[in-house]
Amino acid sequence: MPTLVLLRHGQSQWNLENRFTGWWDVGLTDKGVEEARSAGRLLADHGFDFDHCFTSLQTRAIRTLHLVLMEMDRLWLPVTKDWRLNERHYGGLTGLDKAETIARVGEAQVKIWRRSFDIPPPPLEADSPYQVGADRRYAGIAVPQSESLKDTIARVLPYYEAEIAPRLRQGERVIVAAHGNSLRALEKHLSKIGDDDIVGLEIPTGKPIVYELGEDLAVGERYYLGER
């Protein structure tokens, strides 16, 4: 029976500071490092092993995966990194303090930008210090200037179907270390969550979500490791 583990990266510095992060590269806090290590120990203690690993091109997710594999004594496992597993691009909100943004434009507007399914935030300005288009890792990629959750799903799911699902169908054990919204995309697909409900799904940092999959990757069981 194929097993898929989803893991949101450990707490980042901008998680701690309550800032919109998106595609900007932010490191883990000390707490985030320990969350990743704890996830690795938990997976090892429960007898989990993997055949292939996937992550984004963002350091907080890559480092989380690295720490997990180190705790599992599996640093040698193959890892595929791809931008399509990146966090949702928060556009012009990138770098802003969430509470200060609410004070400036109102809670209702911020809620629309954060929680609506198909309304993206304002685009990132061309001269923003948070532009990543010149970053070498995104060479040849049309970097979005803002994304809704719907936009994020539109890049994550084709990647899942093309690269991850075939491995699962072959019976491989897979871990995906990524971000709140790219993992929401996978959870929406796997658990058949509606458009209105998916925006309310909270995915905590550093907690492995286990999907036990059956025939044609139908979900047999989904749970947080260590909570059942």
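Each reported figure results from applying straightforward, stated rules to the coordinates on display, with no laboratory input. Just so it is clear, the model here is predicted, and its values are computed rather than measured. Note that each Cβ is placed from the backbone with ideal geometry, even for glycine, and that neighbours are counted across all protein chains shown.
Averaging 1/r over each pair of different alpha-carbon atoms in the stretch 165-228 and inverting the result gives 12.7 Å, the Kirkwood hydrodynamic radius. Peptide packing: for 66-76, 208-218, 193-203, the average count of neighbouring Cβ atoms within 10 Å per residue gives the ranking 66-76, 208-218, 193-203, highest mean first. Label separation (ALA108 vs ASN18): 2.2 nm, computed from points 7 Å beyond Cα along the C-beta direction. Each peptide in 182-192, 109-119 receives the mean, over its residues, of other Cβ atoms within 10 Å, and ordering these scores from highest gives 182-192, 109-119. When only alpha carbons of the chain are considered, Rg and Dmax amount to 17.1, 51 Å. If I fit a long axis through the Cα atoms of helix 30-45 and take the longest principal axis of the Cα atoms of the chain, what angle between them do I get, 0 to 90°, rounded to 10? So the helix axis and the longest Cα principal axis differ by about 20 degrees. Here the Debye sum runs over all C-alpha atoms of the stretch 24-120 as equal scatterers in vacuum, and log10 of I(q)/I(0) at q = 0.20, 0.25 Å⁻¹ comes out as -0.99, -1.23. Kirkwood analysis of the Cα pair distances in the stretch 97-155 returns a hydrodynamic radius of 13.1 Å. With the simple spin-label model, which puts each label point 7 Å out from Cα in the Cβ direction, the LEU157 to HIS46 separation comes to 2.7 nm.
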